[in-house]
Structures are given as structure tokens and as C-alpha cells.
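Read-outs throughout are calculated quantities, based only on the coordinates presented, and are distinct from any laboratory measurement. Note that the structure is predicted; figures quoted are calculated from it, not measured. Here the Cβ positions follow ideal geometry from the backbone for every residue, glycine too, while neighbour counts run over all protein chains shown.
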Amino acid sequence: MTLHVEEHARVVSVERLRPGDHAFASYADEEARWSTLGSFAQTGITKGERVLLFPDPALPRAEVLAHLAAYGPPVDGALESGQLVVLTMEQMWLPHTLSVERQVAGLHREIQRARRAGYPSVRSAIDMAWVPSFGADIERVLWRESAGCHYLFADSRYTELCAYDRARFTTDVLDRAAAGHPTALLERPGSLLAIGGERPGAGYGLRLVGDADLSTREQFADILRRVAASGAERVVMDLTELTFLDVHCARSVLRLAAAMESGRRVEIRCGGMHAHTFLLLGALNVPQLTLEGE
């Protein structure tokens, strides 16, 4: 089963989610599920946000906490302080019957409760296993994902991650759910995704998402080989959504630019931290390179 997350206007790693994002994620195994949820919780705790976690209803609370501890931060302190709250989705509509509108209203109450407690922003991670577990109408859920929950994000202080188990939903449902979210996540933290390629008459445009480090070094080198072989006179590499860039990969980009024939250029767009790395490595000494950093 292949989901084309690169078709989204914004694809990010879980660490790069920001307040106001409503993100789609999918997982095919336990490692992908808990590494994503663990990273999501860790980032929220580090930022001082209240983190709401709605795990698979079939899992005992102790098992959920054990998985979080294995893939994310120590959770005891956050649980005791109330910064991390583990909930079941049925709490959002009880004592009434299930409806998508009540589910969204329940989330809104939790968001307001967090604000009253002094949290500047709130994030929730929802394992969509709740849908088959409670017999929710999938068409109403898909409506909720695309149009029925916009008011939760109105002030850009709420972040929501909806994680779908690929074994529990059809390809059609997964594709429609993905399309209903303005943001999509990489399936696994620490992975690397390259979006774009050669465009006739417009050069080579490439956007990299995720991590460029030891674990993805071979993939990163292959991407650069394709860029070099393209023969494009203008290469634009957008690294603004690259979570991590190690020195080896950064140096490889500089070598790529330095080896360009006369008349070819490489433009790098990146955040301040990556720009600083390039500058320390001598980017200003590569005439074929243009660096645009924040």
C-alpha cells in the first residue's frame, strides 16, 4: 500500500509540526506507530505544551505508558503535573451517544481546559483505531477530518496528529483521509524524503524533508548523484524542512556545487542552523553556490 504524502503542499517530520497544524500520519508496524507518537509527545513536553494522547482503545494504559517511555521522553513527571494527559476517545462524548460533532466539541473542551490551566498551546495525538473500536461512521469521520474541525485551529494554538493504522483502513479511506489534512508526516522519524526533480526549462528543484545523517547517508548521496547527472544549469535545493543535517551531508552538498561546470549553479534554501553549518564549512568559498538562510 503506497500513500503519496509528497502530494501534500506541506510534508514534515513529526518534530517540525507547529501550532495550527492538522497532520495526517499512517503506520504499518509498532515501531512506526510509537516512534511517531513518542516524538510527538516529547516535542510537546519540551515546548511546555499540554499533550493530549488518545491511544488505541484496545491497549491498557500501562502498555501505552511503557511504549511512550521506550520511544519518547520519561513521562512520569509530565503525567503527575498534568502536562501529559492520556484519554480515551469516548470521554469526549459521554454521557451522550457517539457523534463526530460531540467528539470535536469534547476536544474543544479539553483545549479550553488546558488554556485555563495556563498552557500557551495544546497538541493532541489521536490513534484513529478509535473509529472501528467505537463503530464510528467513517464518512462522518472523513468529513470531520476535512471540514468539521476547523474551529479547533482558529487561533493557531492547537496541533493535531491523526495516526491511521494501514491494516485497519482501506486504501480509499487512507487516501481520502490524507487528502483531508493540510499537512502530512513522514512515516518514520529519522527518515528522509526527496520531493521534486528536473523540470524542463526550469532547472532541477528539490525539497528534502526529514534527516540527513548517518542513517540516511546512502540515500542522500544517491539524491546528490541524480542532481549532478541531471545536467541542469540551475539546481534549487530547499532544505527548510530538513530536521537534521550532519556535517558529512552538508560537506557533500558543497562538493556537489564546487564540481559544477562553468555556468551551472546550486541554490540552497535553509534555516539559520543549517546555514550556519554551511558557512562554517566554507560555503562562501564556492562560487557556484548561493546560500539563502534565515
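Tabulated data for the structure shown
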quantity: Cβ-derived FRET efficiency at R0 35 Å, ARG10 paired with GLN91, nearest 0.05; calculated: 0.70
quantity: Pairwise label distance in nanometres, GLU63 with LEU281, each label 7 Å out on the Cα-Cβ vector; calculated: 4.4 nm
quantity: Nearest-ten-degree value, helix 100-116 long axis tilted from longest Cα axis of the chain; calculated: 80 degrees
quantity: Convex hull volume per residue for the chain, taking Cα atoms only, in Å³; calculated: 144 Å³
quantity: ARG140/LYS47 FRET efficiency (R0 22 Å; Cβ-Cβ; nearest 0.05); calculated: 0.10
quantity: Spacing of the two label points (7 Å from each Cα toward its C-beta) at GLU31 and ALA154, in nm; calculated: 4.4 nm
quantity: With Cα atoms, 0 to 90° folded angle of helix 217-230 axis to the chain main axis; calculated: 50 degrees
quantity: Neighbour-count ranking [beta-carbon atoms within 10 angstrom, fewest first] of LEU291, LEU52; calculated: LEU291, LEU52
quantity: Radius ratio Rg over Rh of the range 192-293, counting only Cα atoms, Kirkwood formula for Rh; calculated: 0.92
quantity: The range 192-293 - percent relative contact order, Cα under 8 Å, separation 6 or more; calculated: 26 percent
quantity: Proximal charge balance of GLY231 [Cβ under 15 Å; K/R count +1, D/E count -1]; calculated: +3
quantity: Gain in span if fully extended, ARG166 to SER133, counting 0.36 nm per residue against the direct Cα distance; calculated: 10.4 nm
quantity: Cα-centred dipole magnitude for the chain, charges only on beta-carbon of K, R (+1) and D, E (-1), debye, nearest 20; calculated: 660 debye
quantity: Additional length obtainable on full extension of the chain from GLU80 to THR290, 0.36 nm per residue less Cα span; calculated: 70.6 nm
quantity: Phi to ³J(HN,Hα) by Karplus 6.51 cos²θ - 1.76 cosθ + 1.60 over the range 18-24, Hz, x for Gly, Pro; calculated: 10, x, x, 7, 10, 10, 9
quantity: Most positive-pole-ward Cα, CYS270, GLY196, ALA258, against dipole of the range 192-293 from beta carbon charges; calculated: ALA258
